[in-house]
Amino acid sequence: MSSRNAKYEYTTVNDLKHHITIKKAEKVAEKGGMQVLIRDIEEELAAHCQVTRDTILMIKRGVNQPSLAVAMKIAEYFNTPVESVFKLKDSEVVDE
């Protein structure tokens, strides 16, 4: 079976939405209560990772999985280990 058609017994989940929300709160505190939009954080994160905001949105929704390099850049942006943003989750094996 090629890796393109591989079926894994696990999926990945991410906590990106949570980390973005925390970063937004930190930015609001830094700016003395001034408004900061989630979009601003997503755009800043995308620039840090050298990807588009759409890519960040697809990762956040779980539609796409980041490459290892992008996952590491995301963790670096939040100053946290990769494992605090991305996790493996066992899934049920489906017989074919």
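The values are calculated or read from the model by the stated rules, or taken from the named source; none is laboratory data. The model shown is predicted, which means the values in this text are computed figures rather than measured ones. Because the Cβ atoms are built from the backbone with ideal geometry, glycine has one as well, and the counts that use them run over all protein chains shown. Protein only, heavy atoms only, side chains kept; ligands, DNA and RNA dropped before computing areas. Shrake-Rupley method; radii C 1.70, N 1.55, O 1.52, S 1.80 Å.
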Check: Where a Cα-Cα gap under 20 Å defines reach, which aspartates and glutamates qualify for K89, not counting those fewer than 8 residues away within the same chain?
Finding: E9, D15
Item checked: Sequence-distant lysines (8 or more away, or on other chains) whose Cα lies within less than 19 Å of K31 -> K23
Item checked: Answer label for Rg and Dmax of the Cα atoms in Å (calculated), chosen among (1) 16.0, 60; (2) 15.7, 57; (3) 18.1, 50 -> (2)
Next item on the list: Find which of A46, L57, V36 sits farthest along the positive direction of the dipole of the chain, computed with +1 on the beta-carbon of Lys and Arg, -1 on that of Asp and Glu, about the Cα centre.
Entry: V36
Checklist line | Helix-only CD estimate at 222 nm, as mean residue ellipticity for the chain, using -39500 (n - 2.57) per DSSP H run (n ≥ 4) | finding: -15500 deg cm²/dmol
Next item on the list: Only Lys, Arg, Asp and Glu count, each charged at its Cβ (+1, +1, -1, -1), so figure out the dipole size of the chain about its Cα centre, rounded to 20 debye.
Entry: 320
Note to self: Contact order normalised by length for the chain, with contacts defined as Cα pairs under 8 Å and 6 or more residues apart; what percent is it?
What the structure shows: 42
Item checked: Protein accessible area in the chain, 1.4 Å probe - carbon and sulfur % -> 52
Check: Label-point separation (nm) for T21 and L57, each offset 7 Å from Cα along Cα-to-Cβ?
Finding: 2.0
Checklist line | For T12, distant residues with modelled amide H under 5 Å away | finding: K89
